[in-house]
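A short write-up of the structure that comes next.
The values are calculated or read from the model by the stated rules, or taken from the named source; none is laboratory data. These figures come from a predicted structure and were not determined experimentally. Every residue, glycine as well, gets a Cβ built from its backbone with ideal geometry; the counts of neighbours run over all protein chains shown. For the accessible areas, the whole protein counts, side chains as well, though only heavy atoms, and no ligand, DNA or RNA atoms are used. Shrake-Rupley method; radii C 1.70, N 1.55, O 1.52, S 1.80 Å.
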Amino acid sequence: MIPIRSHSWHYLLQHPLCGALLYFLLGLFWISSSDHLLDWLVSDRDTLIKYQSYKGYFYVGLTAFFAWFLLRQKRSFVHSLNQSERAFADTFTHAAIGIAHVSLSGQFLRANKVLCQMLGYSEAELLLLNFQQLTYPGDLAMDVMELQRLQVGEINNYDIEKRYLCKDGRILWTRLSVALFTSPGQCYFISVIQDISEQKHTQQQLAQSELRFRTLLDNTPQIAVQGYYADGSTFYWNKASEQIYGYTKEEAIGKNLLELIIPSYMQEQVSQAMLHMADTGISVSSEELVLRRKDGSLVPVFSGHAVVKLPDTEAQIFCIDVDLTERKKQAAKLAFLSDFDAVTQLPNRQHFNQSISNAIEQAAQNKTLCALLLMDLDNFKDINDSFGHSAGDELLMQVSQRLQACCAPEHTLARLGGDEFGVLVQSVQSTNEVTALAELLMQQLQSPFLLANGSEIITALSVGISLYPDHASSAEDLIRAADVAMYKVKSEGRNHVAVYTDDLTAQARQRVLLETRLRSALKLDKLECYYQPQLDVLSGKIIGAEVLLRWHDAEYGFIAPSVFIPIAESCGLIHALGKWVLQRSCQQLRQWLDQGIPPFSLAVNVSAQQFNKDQLLDELKQVLAESAVPAELLELEVTESALMIDEAKVVATMHQIKAMGIRLAIDDFGTGYSSLSYLKRLPLDVLKIDRRFVEHIPQAIDDQQIASAIIALAHTMNFKVLAEGVETAEQLAFLREQGCNYYQGFYFSKPLPAQEFIALLLSQPN
């Protein structure tokens, strides 16, 4: 209390009115009291006059002392005031936050250094402006409204977030605190301004991240995400969960996940897993599950989990489910297609070949005959070209139905591809019996076929027949014999039957002649490698090329690979041809790389026989060492027939090749002998869709479905997909839509000689 009184007394002494009043009272008291005192003390007049002078001197001294005291107090007060003002000025100027005094009209009266730095103005520039000019237009109304409330006394101060317009055009986010200061003669606003731009930026990033995260989860198709706590209560349910499980978001949130989608027999196990994840923060392993929809039906899903466990918060568990329904259907469809034809629903070539092998084995045991009929529709290509592929598929369906009507239950009718059919007769008595069946089949096709478009189609059969054991002792040879007989029918005018005989020697002589010339061409280096570009579906850039062997004979001209490759396979020359192609293509690639051509991959075909040969691994090592081509630039294309070799050997060989760094592709996928049961064990990189599934797209719905199923299967197994035989923009558009990775075909380029190919590659824009 004493310091307070002392402070008040000093303050009163500094006040001019108070000092004058004290001086006046002191003077009155002195004049009135001193005269009475002298009259009482002194009676002598001379002495009185003398003391009157002393009294005047004393009064002057006393008032001088009093004046000195007041001036001393004032000087002390002024000194303290100056120190306070300097401290205030230093605090205002050097504060680590923006401070400004603003008039009631909004004009800046003073501003500290931090505020000037924040806004980019000097203090002199800032004092020429008002806060309305510097406030972001969208925030001005709110700021003015709060100022008005402050002026009328409705509030004592206010805090808001607002944006300022800086001198350099930046927008500055701040937290503004304003109070009204009033004193005699002055009234202004005290504004304290804190830069929160970084905080706002962080908040915006977090908000954007949260928005992206929720938008992604909410709108991810076919991936259901549910969020729940350890007790199973659900707090998150995205749109895919609504679609897959049938519960709306409102129906699901707050309910127990166990009761929503977990079958009763799984609930105890799932409940324990929830508690384990919540306690440890470690998610359980992903696995395939069968869960329950709202309507009680079951849905197969691939289910994974993620656990979010933060300090002092309850663990959140997220379940991520991928609907496998379509994939299961596609897998079932592919399993069906591995043995049956998609158009006619008849057994396919793979199934038929196995049936022939079984029939030969049984006939050998029973010492009986079995027969094979190969049939080809005459002029089917003209029908496709005239009426379209959908009409062609419809015709194939009707043909298969008529042929099936003539076959006994013990016969096997199959579509082998295109317009080729086969019938296996497991037990026959004579050639005449088989010939009679062939003629009956031909008669079935004599009446016209009526298509849905109203067209009447007349077609006929060319039939070749071979018998075991008269004409061949293996399935492959039996098919070849029947094919030779059918070729004879076609060469003689079609629409009749031919039985294989030893008299069919012209073809054999031709084959011998071609074999001799092929050996000579290989020895004299008369063969040539052509390169068909392989392109990325999305970018349209060339990413590689398939190496194709071409033979221009001096006498016979161009001889198709479909002619000389089977000859090479049958006579054992395929191994030498395959090694030559490997060496020549890798040498060519090395030359291109040395010329500064950017690296790209070469896909080289390896026949089933070549793949089965033990020397293949040594040949690959030798070729790579001699050419110094990086192994990752070489891709081997294996036909599906190679997969019919001993399974353990196929898998082991492929893994050894893969370990060398060489890529592996399966060629003509979907047409041959691949077994889906162990396809997943093969270390493949690429599945190539056979051109037969591409050429009828987009007209043929079945081919679309097959292509889509193959692409989906490949991606499920982490393989890339390359489509062969792409010839139209419509085919490419469909493949792009289905997510196919690469393609090749005449739409972009036919196979080219080395110089033309590299010129095409270099002509592409970077």
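Before moving on, here are some points about what is shown:
- Reachable lysines from Lys541, criterion Cα separation under 20 angstrom, eight or more residues apart if same chain: Lys688, Lys720, Lys750
- The H on the amide N of Leu291, modeled in the peptide plane, is under 5 Å from the matching H of Val299, Val301, each at least 5 residues off or on a different chain.
- Proportion of all alpha-carbon pairs of region 126-204 beyond 14 Å (%): 66 percent
- Length gained when the stretch Lys381-Lys255 is fully extended (0.36 nm per residue, less Cα-Cα span): 39.2 nm
- Environment charge of Asp393, counting only residues whose C-beta is closer than 10 Å and scoring Lys/Arg +1, Asp/Glu -1: -3
- Accessible area, probe 1.4 Å, largest first, for residues Tyr487, Tyr57: Tyr57, Tyr487
- Placing pseudo-labels 7 Å out from each Cα toward the beta carbon at Asp339 and Thr248 gives an inter-label distance of 4.7 nm.
- Couplings 3J(HN,Hα) of region 313-328, computed from phi: 10, 6, 4, 10, 10, 10, 9, 10, 10, 10, 5, 9, 4, 5, 5, 5 Hz, in residue order, whole Hz [Karplus 6.51 cos²θ - 1.76 cosθ + 1.60, θ = phi - 60°; x for Gly and Pro].
- Note on Lys488: aspartates and glutamates with a C-alpha under 14 Å away, same-chain residues under 8 apart excluded, are Asp376, Asp378, Asp502, Asp503.
- Modelled FRET efficiency - R0 45 Å, Leu760 with Gln622, Cβ distances, 0.05 increments: 0.90
- Extension gain, Ile543 back to Ser474 (0.36 nm per residue minus Cα-Cα distance, nm): 20.7 nm
- Sequence-distant lysines (8 or more away, or on other chains) whose Cα lies within less than 27 Å of Lys255: Lys239, Lys294, Lys309
- Gained length - Glu528 relative to Met660, 0.36 nm times residue gap less alpha-carbon distance: 44.8 nm
- Judged by the ratio a/c of the largest to the smallest principal axis of the C-alpha gyration tensor, region 307-435 counts as oblate, that ratio being 1.5 or greater while a/b is no larger than b/c.
- Here the calculated FRET efficiency for Ala64 and Gln107, from their Cβ-Cβ distance with R0 = 56 Å, stands at 0.70, rounded to the nearest 0.05.
- Placing one equal scatterer on every Cα of region 386-450 and applying the Debye formula, the log10 ratio I(q)/I(0) at q = 0.18, 0.24, 0.30 Å⁻¹ is -0.71, -1.12, -1.45.
- Dividing the convex hull volume of the alpha-carbon atoms in region 86-179 by its residue count gives 100 Å³ per residue.
- For Met145, net neighbour charge (Lys/Arg +1, Asp/Glu -1) across residues whose Cβ lies under 15 Å away: -4
- Local electrostatic count at Leu451 - Lys and Arg +1, Asp and Glu -1, tallied over other residues with Cβ under 13 Å: -3
- Each 5 Å bin, from zero up to the one with the longest distance, holds this percent of the alpha carbon pairs of region 442-563: 2, 9, 11, 12, 11, 12, 12, 12, 11, 6, 2, 0.
- As a calculated quantity, the FRET efficiency between Lys167 and Leu140 at R0 = 22 Å, using C-beta atoms, amounts to about 0.75.
- Annotation: amide H-H contacts under 5 Å for Trp237 (H modelled 1.01 Å from N, sequence separation of 5 or more, or interchain): Gly227.
- Heavy-atom accessible area for Met397, with the other protein chains in place and a 1.4 Å probe, reaches approximately 60 Å².
- For region 500-582, average projected area of the Cα convex hull in nm²: 7.5 nm²
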